[in-house]
Amino acid sequence: MRIFYFCLGWVLVALGVIGAVTPLLPTTIFLIGAAGCFARSSPRLEAWLLDHPRFGKPLRDWRSAGAISRPAKITACAGMTFGFVVFWFSTHPSMPAAAGVATVLLASAAYVVSRPTIVDQP
């Protein structure tokens, strides 16, 4: 199982890196998963992720308190809204399809907003 978690961790890191440069693809959720996989396979790589200068703090905040920073919440909700608008105008979905996508995105946004908020200290 250790090899499986190790490989899955790298796949999730790759998806996270792609998400960092691709609009609408999340980054942090993939890196949270990668940190979990590395916790089961490679403590050195887990520490590398948790100590990363850009992504380490959100990962540590999530791990310690299940918390998301206010800017991250705003960005996530704005991204979901933008994604729905692009979906709506690019595919002209039927009302049931649009309602289904909207329901999933609203539930996701509600989850993000309901998480504790980390206030960054200057």
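For Pro43, the stated conditions do not hold, so it cannot be described as modelled with pLDDT of 90 or more, more than 29 Å from Tyr5 (Cβ to Cβ) and of a type outside the set (Gly, Ala, Ser).
Looking only at residues of region 12-48 that are touching a residue at least 12 places away in the same chain (Cβ under 8 Å) and over 14 Å from the mean Cα position of the chain (by Cα), we find that the one that is nearest to Val112 (Cα to Cα) is Cys37. Selection of region 76-122 for residues being within 28 Å of Ser64 (Cβ to Cβ), hydroxyl-bearing (Ser, Thr, Tyr) and in a helix (DSSP H, G or I) yields Ser108, Tyr111, Ser114. How many residues are touching a residue at least 40 places away in the same chain (Cβ under 8 Å), surrounded by fewer than 16 Cβ atoms within 10 Å (Cβ to Cβ) and not aromatic (Phe, Trp, Tyr) when one looks only at region 70-91? The number of residues fulfilling the criteria is 3. For Ser90, indicate whether it is among the hydroxyl-bearing types (Ser, Thr, Tyr), more than 17 Å from the chain's Cα centre (by Cα), farther than 16 Å from Leu24 by Cα and not assigned by TED's automatic domain parsing to the domain that holds Pro26. So Ser90 does not fit the description; no.
The values are calculated or read from the model by the stated rules, or taken from the named source; none is laboratory data. These numbers come from a predicted model, not from an experiment. Note that we place each Cβ from the backbone using ideal geometry, even for glycine, and neighbour counts take in every protein chain shown.
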